């Protein structure tokens with residue numbers, strides 16, 4: 001019978017891996033221009049959401065739990081005037097998810113219970129923060145689904 005730590009690691013890495021695959025699946029249908037363009041005058045582009053998720057994971061898990069030394073520039077995640085290519089943004093996202101998976105596997109049962117503090121976080125311990133980051137990804141995946149749907153609608157309207 002697996003122990004609790006193995007069960008946690010398996011469940012959490014499966015969630016992060018699934019979320020990352022879903023982001024990639026949704027991004028695949030977009031051109032580089034669509035990836036970065038806002039389909040509405042308000043809100044975010046798909047690409048800026050990818051930058052935001054990358055920054056979120058690198059800060060809340062990378063810096064605070066894995067001690068990576070990452071320096072976050074949160075405003076730039078949403079307003080980068082010279083963003084990387086779609087492929088580069090997705091590679092950075094994949095690297096962040098890989099770091100999270102590695103960090104999850106490095107945690108002991110005692111590590112999960114350690115007090116967690118970070119600017120902007122309301123987590124009570126490391127496990128709570130890892131779960132919150134997975135939920136945060138799910139939230140933005142919902143926005144990405146909507147953005148992809150909007151691009152499909154605009155493309156089909158333009159073809160008529």
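Using mean Cβ contacts within 10 Å as the protection proxy, how do 130-139, 145-154 order, highest first? Let's see the in-between values first.
On the way: 130-139: 17.4, 145-154: 15.1.
Going by the mean number of other Cβ atoms within 10 Å, highest first, we get 130-139, 145-154.
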Ranked from fewest to most other Cβ atoms within 10 Å of their own Cβ, 6, 45 fall in the order 6, 45
Most exposed to least, judged by fewest other Cβ atoms within 10 Å, 93, 78, 46 sort to 78, 93, 46
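Determine the gain in length on full extension of the stretch residue 146-residue 118; use 0.36 nm per residue of separation and subtract their C-alpha separation, reporting nm with one decimal.
On the way: separation 28, 0.36 × 28 = 10.08 nm, distance 3.04 nm.
Working it through step by step, the gained length comes to 7.0 nm.
How do 111, 3 line up, fewest other C-beta atoms within 10 Å first? Kindly include the intermediate steps, with their values, before the conclusion.
Details: 111 15, 3 9.
Final ranking by Cβ density, sparse to dense: 3, 111.
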For the chain, calculated [θ]222 nm from helices alone, where every DSSP H run of n ≥ 4 adds -39500 (n - 2.57):
-22000 deg cm²/dmol
Between residue 14 and residue 85, what is the label-point separation in nm under the 7 Å Cα-to-beta-carbon projection?
3.6 nm
Report the FRET efficiency, 1/(1 + (r/R0)^6), for residue 73 and residue 4, where r is their Cβ-Cβ distance and R0 is 35 Å, rounded to 0.05.
0.40
On Cα atoms only, tilt of 126-159 relative to the major axis of the chain in degrees
10 degrees
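Pulled fully out, how much extra length does the chain show between residue 22 and residue 98, if you take 0.36 nm times their separation in residues and subtract their Cα-Cα distance?
On the way: separation 76, 0.36 × 76 = 27.36 nm, distance 1.49 nm.
So the extension gain works out to 25.9 nm.
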Running a GNM on the chain with Cα contacts under 10 Å, which residue among 71, 23, 101 ends up with the highest mean-square fluctuation?
71
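Need one word for segment 1-91: rounded, prolate or oblate. Basis is the Cα gyration tensor (sqrt eigenvalues a ≥ b ≥ c); a/c below 1.5 gives rounded, then a/b vs b/c decides. Please report the intermediate quantities before stating the final value.
On the way: a/c = 2.90, a/b = 1.64, b/c = 1.77.
Oblate shape, in that a/c is at least 1.5 and b/c is the bigger or equal ratio.
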Among (1) 11.1; (2) 10.3; (3) 9.1, which is the computed mean projected area of the Cα convex hull in nm²?
(2)
Taking alpha-carbon centroids only, segment 83-116 lies from segment 7-30 a number of Å equal to 12 Å
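Per-residue counts of other Cβ atoms within 10 Å, averaged by peptide: what ranking do you get for 28-35, 61-68, highest first? Let's see the in-between values first.
Working: 28-35: 15.1, 61-68: 18.0.
Per-residue mean Cβ counts within 10 Å order the peptides as 61-68, 28-35.
FYI, it's all coordinate maths here, none of it is from the lab. Worth saying up front: this structure is predicted, and the values here are computed from it rather than measured. Don't worry about glycine lacking a Cβ; one is built from the backbone with ideal geometry, like all the others, and counts go over all protein chains shown.
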